[in-house]
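The values are calculated or read from the model by the stated rules, or taken from the named source; none is laboratory data. None of these values were measured; they are calculated from a predicted model. Don't worry about glycine lacking a Cβ; one is built from the backbone with ideal geometry, like all the others, and counts go over all protein chains shown.
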Amino acid sequence: MKINMISETMGKNGPIDANGVHSAFMDVLNSLRKLPDIEVEVNGEGDDYDVIHSHTIGPVFMKKSKGKRYKTLVSAHVIPESMVGSIILSKYWLPFFTMWMKRAYNRASMVLAVSPTVKKRLEELNIKAKVVFMPNSINRENFQYSTDKSYRSKYNLSPTDFVVLCIGQIQTRKGVADFIECAHMMPDVKFIWAGNRPFGKATAGFTETEKMIEEAPENCKFIGKVDRDDMPKVLNMSDVFFFPSFQENHPVAVIEAASAKLPIILRDIEEYKDIFFDYYLKGKTNIEFVEIIKKLKTDKELYSEYMEKADKIGEEYDVITVTKKLVNAYKEVYQNYKK
């Protein structure tokens with residue numbers, strides 16, 4: 001079977017920017033390329049493909065999928081709510097984005113929703129394509145737990161520091177303000193945020209978050225974008241993964257951190273209940289987040305318990321397992337249009 005994998009995160013000279021969608025795309029791509037009966041091209045030209053699978057819904061996808069709905073699948077990484085708090089002036093352009101999104105998803109015969117929440121939302125929007133749950137995944141070989149914390153020296157962290165990590169774009173939706181406030185409340189703990197602003201000054205809350213970062217306490221550092229090859233080192237230099245985002249679909253960063261056996265702290269939102277089960281700690285307020293971090297810092301039994309629970313998240317979304325499901329989806333689409 002010959003697959004045309006599309007992602008507008010992949011430019012001619014490499015990835016345009018690192019984000020969860022690109023990470024998910026790369027891990028699935030590399031996994032598919034290991035299968036003997038699958039041939040994969042990236043952003044291929046022409047019509048010599050059995051199946052088209054896109055991870056993005058921009059103009060490249062719209063061009064390459066035109067007139068090929070019968071053999072096209074698209075991964076639904078975003079819903080309208082994903083854009084609120086990500087880019088400025090969303091209340092003005094969101095209706096137009098929603099129209100574009102529906103048009104794009106209707107270009108496919110099958111839409112692969114990355115979470116049950118996304119699947120439900122797309123069904124509410126009356127997407128014509130068949131919608132199935134197909135989660136994001138990671139290559140666990142790249143995100144192994146290690147006791148080596150030597151990478152701390154790069155960020156002037158000591159071996160005895162208790163390090164709380166977040167990975168994400170710097171935007172209001174991700175809970176930057178709460179992350180910094182928790183750092184203010186816990187001067188004895190180091191808070192590290194890895195990530196940048198791919199939308200630049202068009203990022204929601206750009207001015208406000210700039211000021212927050214400038215005024216952040218000394219125990220809170222924003223280290224910018226981390227190369228994917230270095231991400232396992234950043235994870236393993238940390239003690240806890242704290243992700244205070246207000247809205248997510250199926251965040252790859254959480255799976256990567258879980259695979260490295262970092263206890264996971266998330267905001268108590270509905271989206272996580274069906275994908276991370278009871279394998280994480282949750283809070284609704286900064287006071288609750290701080291109490292959880294304090295417990296993990298002092299209670300070794302609790303810490304060990306949530307290390308093992310995090311590992312279960314990593315197992316659940318290992319790329320080998322998800323790739324098998326994906327190939328079955330390819331075969332279903334292929335067989336349906338060949339009938």
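Quick check on this structure: which one of I192, I180, I170 is touching a helix residue (DSSP H, G or I) at 6+ places or on another chain (Cβ under 8 Å), at pLDDT below 95 and either not polar (S, T, N, Q) or not in a helix (DSSP H, G or I) (or both)? Break it down into steps so the answer makes sense when it comes.
Working: I192 fails: at pLDDT below 95; I180 fails: at pLDDT below 95.
The unique qualifying residue is I170.
Within the range 210-231, which residues are of a type in the set (D, E, K, R), surrounded by 14 or more Cβ atoms within 10 Å (Cβ to Cβ) and at pLDDT 95 or above? Step through it out loud before you land on a result.
If we filter the range 210-231 for residues that are of a type in the set (D, E, K, R), which is where we start, we get 210-211, 214-215, 218, 221, 225, 227-230.
From what's left, surrounded by 14 or more Cβ atoms within 10 Å (Cβ to Cβ): 210, 221, 225, 228.
Passing the criteria: only K221.
Mind checking which residues of the range 248-273 are among the acidic types (D, E) and within 17 Å of T147 (Cα to Cα)? Reasoning before the result, please.
Step one: of the range 248-273, the residues among the acidic types (D, E) are 248, 256, 268, 270-271.
Within the range 248-273, just E256 meets the criteria.
Helices (runs of 4 or more DSSP H) wholly in the range 233-339 with at least 3 residues that are closer than 29 Å to S158 by Cα - which ones?
Working: elements: 252-259, 286-298, 300-316, 319-338.
Of the helices (runs of 4 or more DSSP H) lying wholly inside the range 233-339, those with at least 3 residues that are closer than 29 Å to S158 by Cα span 252-259, 286-298, 300-316.
Residue by residue through the range 21-72, note down the ones that are more than 16 Å from Y330 (Cα to Cα), crowded, with 22+ Cβ neighbours inside 10 Å and of a type in the set (D, E, K, R).
Answer for the range 21-72, where residues must be more than 16 Å from Y330 (Cα to Cα), crowded, with 22+ Cβ neighbours inside 10 Å and of a type in the set (D, E, K, R): just D27.
Go through the range 246-279 and give me each residue that's free of Cβ contacts under 8 Å to residues at least 40 places away in the same chain and aromatic (F, W, Y).
Result: Y272, F276, F277, Y279.
For residues that are more than 23 Å from the chain's Cα centre (by Cα) and outside the structural domain of G20 (by TED's automatic domain parsing), scanning just the range 100-150, find the one that is farthest from L262 (Cα to Cα).
S150
Can you confirm whether L112 is part of a helix (DSSP H, G or I), surrounded by 15 or more Cβ atoms within 10 Å (Cβ to Cβ) and in contact with a helix residue (DSSP H, G or I) (Cβ under 9 Å, 6 or more places away or on another chain)? Reasoning before the result, please.
Working: part of a helix (DSSP H, G or I): no; surrounded by 15 or more Cβ atoms within 10 Å (Cβ to Cβ): yes; in contact with a helix residue (DSSP H, G or I) (Cβ under 9 Å, 6 or more places away or on another chain): yes.
So L112 fails the test.
Restricting the range 20-74 to residues that are among the hydroxyl-bearing types (S, T, Y) and assigned to a loop (DSSP other than H, G, I, E, B), which is nearest to G195 (Cα to Cα)? I'd like the intermediate steps shown before the answer.
Taking the range 20-74 as the starting set, the residues that turn out to be among the hydroxyl-bearing types (S, T, Y) are 23, 31, 49, 54, 56, 65, 70, 72.
Subsequent filtering for residues that are assigned to a loop (DSSP other than H, G, I, E, B) retains 49, 56.
Working: Y49: 36, T56: 20 Å.
The selected residue is T56.
Would you please name the residue that is surrounded by the most Cβ atoms within 10 Å (Cβ to Cβ), looking only at residues in the range 115-152 that are in contact with an Asp or Glu (Cβ under 7 Å, 6 or more places away or on another chain) and in a strand (DSSP E or B)?
I138
Working only within the range 305-323, note down all residues that are under 19 Å from K282 (Cβ atoms) and of a type outside the set (F, W, Y). Walk me through it before giving the result.
Residues of the range 305-323 that are under 19 Å from K282 (Cβ atoms), as a first pass: 305-314, 316-317.
Matches in the range 305-323: E305, M307, E308, K309, A310, D311, K312, I313, G314, E316.
Looking only at the range 195-222, count every residue that is out of contact with any helix residue (DSSP H, G or I) (no Cβ under 6 Å at 6 or more places or on another chain) and either farther than 16 Å from F162 by Cβ or of a type in the set (V, I, T) (or both) and tell me the total.
Within the range 195-222, the first condition is being out of contact with any helix residue (DSSP H, G or I) (no Cβ under 6 Å at 6 or more places or on another chain), and the residues that meet it are 195-203, 206-208, 210-211, 213-215, 218, 221.
Adding the requirement that they be either farther than 16 Å from F162 by Cβ or of a type in the set (V, I, T) (or both) leaves 195-203, 206-208, 210-211, 213-215.
Qualifying residue count, the range 195-222: 17.
Please go through the range 297-339 and pick out each residue that is of a type in the set (S, T, N, Q) and in contact with a Ser or Thr (Cβ under 8 Å, 6 or more places away or on another chain). Don't jump to the end; show me each part of the working.
Restricting attention to the range 297-339, the residues satisfying the condition of being of a type in the set (S, T, N, Q) are 298, 304, 321, 323, 328, 335-336.
Across the range 297-339, the qualifying residues are T321, T323, N336.
For I255, are the conditions met, namely being in contact with a Ser or Thr (Cβ under 6 Å, 6 or more places away or on another chain), within 19 Å of S137 (Cα to Cα), modelled with pLDDT of 95 or more and assigned by TED's automatic domain parsing to the domain that holds T172? Steps first, please.
On the way: in contact with a Ser or Thr (Cβ under 6 Å, 6 or more places away or on another chain): no; within 19 Å of S137 (Cα to Cα): yes; modelled with pLDDT of 95 or more: yes; assigned by TED's automatic domain parsing to the domain that holds T172: yes.
Taking the combined requirement at face value, the residue does not satisfy it.
Which residue out of I52, I38 is within 19 Å of V319 (Cβ to Cβ), at pLDDT 90 or above and in contact with a Lys or Arg (Cβ under 9 Å, 6 or more places away or on another chain)? Talk me through it step by step, then tell me what you get.
Working: I52 fails: within 19 Å of V319 (Cβ to Cβ).
Answer to the check: I38.
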